[in-house]
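All of the numbers you see were taken from the coordinates with simple rules; none came from a lab. All values derive from a computational prediction rather than experimental measurement. All Cβ positions, glycine included, derive from the backbone under ideal geometry; neighbour counts span all protein chains shown.
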Amino acid sequence: MSEFDGFARYYDADYSDVTDDIAFYQELARRCDDPIIELMCGSGRLLLPLARAGHRLTGVDSSPTMLALARAKLADAGLSERVTLIEGDIRASAPAGTFGLAIIGLNSFMHLTTTADQLAALSHIHSALRTGGLLVLDLFNPDLRTLADAVGQLVLEKRFLLADGTAVHKFVSQQTDTAAQLSHITIIYDELDAEGQVRRSALPFTMRWLYHYELEHLLARAGFELTALYGSYDLDAYSGDSELMLAVARRI
C-alpha cells in the first residue's frame with residue numbers, strides 16, 4: 001500500500017483543471033523517439049493525451065490505487081494497448097528499455113526528500129533511457145519569502161465535485177523547514193453530504209524543493225547534462241520570479 005492511495009478518490013476531480021503542461025509534453029514527445037516513460041504517473045493525467053497523440057508509453061507509480069484509475073481510463077478510451085502500467089518505486093528500479101523520453105511531472109520528483117533517493121531515482125532513469133534520451137523534471141520554483149510565511153495555517157484552497165456529485169472542500173496546511181528545504185504539507189478533503197454531515201480525510205506528506213545549481217549538480221552526478229531550464233510551459237526563460245522550474249536534461 002502506498003501513502004498516495006488515499007489521494008486516489010479525489011485526484012482526478014481535484015486536478016481536472018490542470019492542463020497547462022499538456023501541449024508542452026505533446027510537442028516534446030513529437031520530437032523524441034518512442035517509447036516514452038512517465039515516472040510517478042499517478043492516475044494517468046499525462047499518459048492519456050500522449051497516448052491519444054499516438055505515442056507508446058510506460059507509466060510507473062508506487063500506488064496501486066492510482067494505477068487502477070489510470071488502467072480504467074485507458075480502457076474506456078480504447079488506449080490500453082498503447083500504454084504499459086507498472087507498479088514500482090523509482091528509487092528501487094526502473095523498467096528495462098531504451099526510452100527516448102522520461103517525464104516526471106507536476107512536482108512529483110519533490111516527493112524524493114533525500115539526496116540518496118534523488119540520485120537513486122536518477123540513476124535508474126539514466127539506465128532506462130537510450131544515449132541522448134531526454135529527461136523532463138517539472139519542479140516548484142522556491143520563493144523563500146512565500147515559504148517563510150507557511151507556518152501551519154489551514155487555508156481553503158478550492159471547492160469541487162466528485163464524479164458522483166459529492167461536494168468536496170479542500171484545505172491545505174503547510175509548514176516549512178528552510179534549512180532542510182522541506183515542506184511538510186497536510187491536505188484535508190472534507191466531503192459534505194446532503195444532510196450537512198462531513199467526512200474528513202487528512203493526508204500528510206513531505207516535499208523537498210531544489211535550487212537551479214543543486215539540480216544541475218544532481219543531474220551531472222547521475223550522468224545527465226542540463227540542456228534547458230524554463231520558467232513556464234511556454235518556454236519563458238527561467239528566473240527567480242518564475243512560477244516553476246522546468247528542466248530538460250540529456251542522458252550522456
*asked:* What is the sum of charges, Lys and Arg at +1 and Asp and Glu at -1, for the other residues whose Cβ falls under 15 Å from the Cβ of residue 168?
replied: -2
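Quick one: compute the contact order of the range 144-208, relative version, from alpha carbon pairs under 8 angstrom and 6+ residues apart, as a percent. Before the final figure, lay out the partial values.
Details: 124 pairs, mean separation 17.0, N = 65.
Once divided by the residue count of the range 144-208, the mean separation gives 26 percent.
Which whole-number percent is the relative contact order of the range 131-181 (Cα, under 8 Å, 6+ apart)? Don't skip to the end; give the middle numbers.
On the way: 46 pairs, mean separation 17.4, N = 51.
Averaging sequence separation for qualifying contacts and normalising by length gives 34 percent for the range 131-181.
Figure the gain on full extension for residue 144 and residue 80 (residue separation times 0.36 nm, minus the Cα-Cα span) and round it to one decimal in nm. Mind dumping the intermediate values first?
Details: separation 64, 0.36 × 64 = 23.04 nm, distance 4.29 nm.
18.8 nm is the gain from fully extending residue 144 to residue 80.
Cβ under 12 Å from residue 105's Cβ, residue 105 left aside: what net charge do those residues give with Lys, Arg +1 and Asp, Glu -1? Walk me through the intermediate numbers first.
Working: positive: 45; negative: 20, 21, 38, 61, 138.
Spelling it out: positives minus negatives among the neighbours equals -4.
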_Derived scalar couplings ³J(HN,Hα) [the range 167-182; Karplus, 6.51 cos²θ - 1.76 cosθ + 1.60; whole Hz; x for Gly, Pro]_ = 7, 10, 10, 9, 10, 10, 10, 9, 10, 10, 10, 5, 5, 8, 6, 10
_Taking 168, 60 and counting other C-beta atoms within 10 Å, the order from fewest to most_ = 168, 60
*Computed [θ] at 222 nm, helices only, for the chain once each DSSP H run of length n ≥ 4 contributes -39500 (n - 2.57)*: -7500 deg cm²/dmol
*Using the Karplus curve 6.51 cos²θ - 1.76 cosθ + 1.60 with θ = phi - 60°, work out ³J(HN,Hα) for each residue of the range 198-204 in order, rounded to whole Hz, and write x for Gly and Pro.*
10, 10, 10, 10, 9, 10, x
*With a length cut of 15 Å (Cα positions projected on each helix's long axis) and a Kyte-Doolittle mean of at least -0.5, go through the chain and give me the DSSP H helices that pass.*
64-76, 115-128
*Computed from the mean reciprocal separation of all distinct C-alpha pairs, what Kirkwood hydrodynamic radius does the chain have, in Å?*
19.0
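Among 128-141, 190-203, what's the highest-first ranking by average C-beta atoms within 10 angstrom per residue? Present the calculation step by step, with values, prior to reporting the outcome.
On the way: 128-141: 20.0, 190-203: 11.0.
Ranked from most to least packed, the peptides come out as 128-141, 190-203.
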*Convex hull over the Cα atoms of the range 144-208, averaged projected area in nm²?*
4.9
*Which whole-number percentage describes the relative contact order of the chain, with Cα contacts under 8 Å and a sequence gap of 6 or more?*
17
*To the nearest Å, what is the center-to-center distance of the range 16-88 and the range 89-154, using C-alpha atoms only?*
17
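What do you get for chymotrypsin sites (Phe, Trp or Tyr not before Pro) in the range 1-46 restricted to DSSP loop and a cutoff of at most 15 other Cβ within 10 Å of the site's Cβ? Don't skip to the end; give the middle numbers.
On the way: sites: 4, 7, 10, 11, 15, 24, 25; in loops: 4, 15.
Sites meeting the loop and neighbour criteria: 15.
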*Which of the peptides 150-162, 47-59, 99-111, 175-187 is most tightly packed, and how do the rest follow, going by the mean number of other Cβ atoms within 10 Å of each residue?*
99-111, 47-59, 175-187, 150-162
